[in-house]
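Shown next, in structure tokens, is the structure this report addresses.
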Amino acid sequence: MTLTPLVVDVDTGVDDAMALALAARLEGHELVAVTTVAGNVPLEYTTPNTLKVLEWVGSPAPVYRGMSAPLARPLVSAGHVHGDDGIGGWELPDPSTGTGDMTAPEAIIRLAREHAGNIDFAFVGPLTNLAVAVLLEPELPRMVSHLAIMGGAFFKPGNVTADAEFNIYVDPEAAALVADAGFNATWVGLDVTHQTVLDRDTWASLADADARDAVLVREVCRASFEKRGVEQVHLHDPLAVVVVERPSLIDGIPGEISVDVGAHRRGRTRVSPHVNGTGQAAQSVKVAEFQALFRGLLEG
Ligand code: BDR
Ligand code: CA
């Protein structure tokens, strides 16, 4: 089978780490690059975290360092959720390789040109790198077959404010630019990602696991269960990555996506239904099918 090239952009991040493990295992895609951005924690953490996680899961995908701050605002991060280091204090070996010698937006453009019409993207952090790439190459949306974005809260409240989901709240100007650019994009927002979880019992069942992916899931989530005391970890970013491989997991509303950038409703995402809209806002997800795929990761 010919594999479709896939670029994943991350702000690693607990659920980003699990998404990377999944991205490296997809049967229909080849992970050709991973790009990093500031978000959950600053770029000084998200980049080494990404290198370490990829090495842990045995992926040879090159990593490109991206934007260290949102387009127009200071960074708001989420160390209280992901730990100050972004991966819940999990001590991974130092990476043996460094980042590529292009910036993330440059790498995104180069790969899109090289595979124009046959490349998928999954963006699971603030959309800063993609916005910069579109500014540098306005034809980019026409080159990408399918873009899955973890971002937004279209039909339910956000997780930073009542209006906004984290990735969009952090860089609403970038999200607005991407929404306007005309990508064939699926916006995988909290409306669906809040239904996909790793619960405490499943996590506890990994206590003696020794397969690398299962150890990753166990260790990266340990602080969430043991220190923060949550009963479940949302699988936001893993779902978005799986959506590029299996778009039928999602049912959505096709239309024009817009993002509020004003102070009043900063980061609010909306979909105006339209048959010719290039975006779609995910409204429901086949939870059992997704959980089976995720379990496959845990079971190797
Ligand atoms: C999103 O924000 C981050 O904290 C997660 O990694 C995910 O991408 C969920 O709102
Ligand atoms: Ca993320």
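The values are calculated or read from the model by the stated rules, or taken from the named source; none is laboratory data. Note that the structure is predicted; figures quoted are calculated from it, not measured. All Cβ positions, even for glycine, are placed from backbone atoms using ideal geometry, and neighbour counts span all protein chains on display. Side chains included, ligands, DNA and RNA excluded: accessible areas come from the protein's heavy atoms. Shrake-Rupley method; radii C 1.70, N 1.55, O 1.52, S 1.80 Å.
List of remarks:
- Number of the condition not met by Leu26 [criteria: (1) touching a Phe, Trp or Tyr at 6+ places or on another chain (Cβ under 8 Å); (2) not in a helix (DSSP H, G or I); (3) not acidic (Asp, Glu)]: (1)
- Taken together, the residues in segment 1-43 that are farther than 17 Å from Glu219 by Cβ, within 12 Å of ligand 2 (Cβ to nearest atom) and in contact with a strand residue (DSSP E or B) (Cβ under 8 Å, 6 or more places away or on another chain) amount to 6.
- Among the residues listed as Val261, Val241, Val220, the single one being at negative phi, more than 16 Å from ligand 2 (Cβ to nearest atom) and in contact with a helix residue (DSSP H, G or I) (Cβ under 6 Å, 6 or more places away or on another chain): Val261
- Matching residues in segment 150-179 - criterion: being among the aliphatic types (A, V, I, L, M), surrounded by fewer than 24 Cβ atoms within 10 Å (Cβ to Cβ) and either touching a residue at least 12 places away in the same chain (Cβ under 8 Å) or touching a Pro at 6+ places or on another chain (Cβ under 7 Å) (or both): Val160, Ala176, Leu177
- Among the candidates Leu43, Leu26, residue that is over 11 Å from the mean Cα position of the chain (by Cα), more than 14 Å from ligand 1 (Cβ to nearest atom) and over 20 Å from Asp94 (Cβ atoms): Leu26
- Residue in segment 140-150 that is over 14 Å from the mean Cα position of the chain (by Cα) and within 12 Å of ligand 1 (Cβ to nearest atom) present: no
- Any hit, segment 180-189, residues being in contact with a Pro (Cβ under 7 Å, 6 or more places away or on another chain) and either open to solvent by 50 Å² or more (accessible area, probe 1.4 Å) or β-branched (Val, Ile, Thr) (or both): yes
- Val271 fulfils the conditions (1) surrounded by fewer than 24 Cβ atoms within 10 Å (Cβ to Cβ); (2) closer than 15 Å to Ala185 by Cβ; (3) among the hydrophobic types (A, V, I, L, M, F, W, C) except for a single criterion, (1).
- Selection within segment 44-56 - under 17 Å from Ala23 (Cβ atoms), open to solvent by 10 Å² or more (accessible area, probe 1.4 Å) and out of contact with any strand residue (DSSP E or B) (no Cβ under 7 Å at 6 or more places or on another chain): Lys52, Glu55, Trp56
- Within segment 112-132, the residues that satisfy the criterion of being more than 13 Å from the chain's Cα centre (by Cα) and open to solvent by less than 10 Å² (accessible area, probe 1.4 Å) are Ala112, Ile119, Ala131.
- Residue match in segment 162-184 (condition: on the phi > 0 side of the Ramachandran plot and assigned to a loop (DSSP other than H, G, I, E, B)): yes
- Test for Val81: is it open to solvent by 50 Å² or more (accessible area, probe 1.4 Å) and of a type in the set (A, V, I, L, M, F, W, C): yes
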